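The values are calculated or read from the model by the stated rules, or taken from the named source; none is laboratory data. Small disclaimer: the values here were computed from a predicted structure and weren't measured. When we count neighbours, we look across all protein chains shown, and the Cβ atoms used for this are built from the backbone with ideal geometry, even at glycine. Accessible surface areas use protein heavy atoms only, side chains included; no ligands, DNA or RNA. Shrake-Rupley method; radii C 1.70, N 1.55, O 1.52, S 1.80 Å.
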Amino acid sequence: MAVILAARRTAVVPKGGGFVRLSLEALAVPVVRACLADAGIDAVDEVICANAIGPGGNPARRIALAAGLPERVAGLTIDRQCAGGLDALLLAAALVDAGRADFVLAGGVESFSRRPLRLLTDPEGGEPVAYDEAPFTPWPARNPRMADAAAALALVCGYTRAAQEAWAVASHTKALAQEKWPEIVPVAGLQRDAFTRKLTPALLRRAPVVAGTITRATAAVAADGAAFCLVAADRFAVSGALHIIGGRTLGADPEQPGLAPVPAIAAGLAQAGLGADDIAHAEVMEAYAAQAMACVEAADLDPALVNCQGGALARGHPIGASGAVLAVRLFHSLGVGPGLAAIASAGGLGTALIVQR
């Protein structure tokens with residue numbers, strides 16, 4: 001059974017903010033080195049890094065080299081969009097459990113600020129056409145914008161704009177109440193999440209509508225950040241380690257991506273021999289307030305035990321790193337008992353990680 005020995009992250013900073021000039025390596029390397037230092041080791045067998053919107057070229061390899069790891073560490077970069085950071089941990093656990101590695105650094109890094117411009121080549125020889133994101137299904141009619149999908153989900157579930165705003169206010173309020181963030185590695189002088197604020201009724205009223213009842217106040221902002229966990233074989237477990245006792249990634253209806261974590265949560269809990277009422281603390285992605293609300297309700301989680309120190313609505317959404325941020329938060333927030341991290345992804349994907357301390 002694999003364990004998490006250390007978990008660190010940068011602050012999460014909105015696009016164009018304090019991380020605007022930093023490369024993926026500049027964001028990730030301080031986090032990687034902090035994980036190694038926390039665990040008291042200087043080398044690993046592999047680095048698995050999620051990255052969704054970067055320039056390619058295997059960022060995991062570049063990060064491993066820039067961090068001074070041995071050249072034998074090949075580095076594996078994955079892209080499962082929002083779910084990638086948690087999937088990196090599941091892959092690391094699988095390697096460790098199979099006896100193929102003793103130590104794996106797993107997580108994600110993303111820079112919305114430095115994402116490349118994308119051009120689609122015209123096969124007829126015309127000018128390339130710019131596009132913002134790749135399709136997530138082969139069917140245009142079943143490839144909704146994430147905001148539109150969240151708005152449709154809010155309508156089906158009966159979540160009013162006011163209810164979603166209340167969830168967002170609670171997220172920011174809980175985050176503001178935290179005086180210290182021990183998991184954050186200072187990078188560019190930033191030691192806490194830059195977006196967290198006091199949401200007033202006036203700010204909520206002025207928030208532009210994104211789609212349906214979704215506003216900018218109830219949708220996570222595009223952001224930059226990095227997060228990594230050190231996954232190891234259980235014979236290296238120490239006091240405070242998290243044991244990975246379950247986890248699944250499953251596909252679901254691509255037209256309702258917000259609900260995709262629900263079957264993954266159920267499968268992960270079943271693998272661990274647990275029920276939803278056994279969870280002591282959960283970190284659930286808040287790409288949209290409506291999406292988080294629907295997942296918590298459908299998975300039968302206790303809202304009082306979810307995102308107890310604020311969620312992504314109070315931080316931002318650094319796509320490939322977001323799932324790893326959840327795992328890092330869980331490592332530092334979970335007391336005794338089972339914990340859950342769960343995230344939805346474009347294309348109708350959901351990932352859940354179950355741990356035990």
With runs of 4+ DSSP H residues as the only contributors, calculate the mean residue ellipticity of the chain at 222 nm using -39,500 (n - 2.57) per run, divided by the residue total and rounded to the nearest 500.
-9500 deg cm²/dmol
Using the alpha-carbon centroid of each, what span in Å lies between the range 75-125 and the range 143-214?
25 Å
Given a Förster radius of 35 Å and the C-beta distance between Val156 and Ile41 as r, what FRET efficiency does 1/(1 + (r/R0)^6) yield to the nearest 0.05?
0.15
His332-Arg206 pseudo-label distance in nm [points 7 Å out on the Cα-to-Cβ vector]:
3.1 nm
Once you order the gyration tensor axes a ≥ b ≥ c over the Cα atoms, which shape class does the chain get: rounded for a/c under 1.5, otherwise prolate or oblate by comparing a/b with b/c?
rounded
Interchain or long-range residues, amide H under 5 Å from Asp224's placed H
Val13, Lys15, Phe112
Starting with the highest mean, order 344-355, 276-287, 149-160 by the number of other Cβ atoms within 10 Å, averaged over the residues of each peptide.
344-355, 276-287, 149-160
With a point put 7 Å past each Cα toward its Cβ, work out how far Arg142 is from Asp300 in nm, to one decimal.
2.9 nm
What list of ³J(HN,Hα) values in whole Hz, one per residue of the range 72-77 in order, does the Karplus curve 6.51 cos²θ - 1.76 cosθ + 1.60 (θ = phi - 60°) give from phi, with Gly and Pro shown as x?
5, 6, 6, x, 10, 9
For the range 6-140: accessible area per residue (Å², 1.4 Å):
47 Å²
So, with a 1.4 angstrom probe, what is the percent of accessible area on the chain that is carbon and sulfur?
55 percent
Lys198: which lysines have alpha carbons under 19 Å from its alpha carbon, excluding same-chain residues fewer than 8 sequence positions away?
Lys174, Lys180
Got the relative contact order for the chain handy, in percent, Cα pairs under 8 Å and 6 or more residues apart?
29 percent
Provide the gained length on full extension for the span Leu119 to Arg100, in nm with one decimal, where the gain is 0.36 nm per separating residue minus the Cα-Cα distance.
2.9 nm
Give me the distance between the Cα centres of the range 1-63 and the range 248-311, rounded to whole Å.
25 Å
Can you pull the accessible area of Ile245 for me, 1.4 Å probe, Å² to the nearest 10?
40 Å²
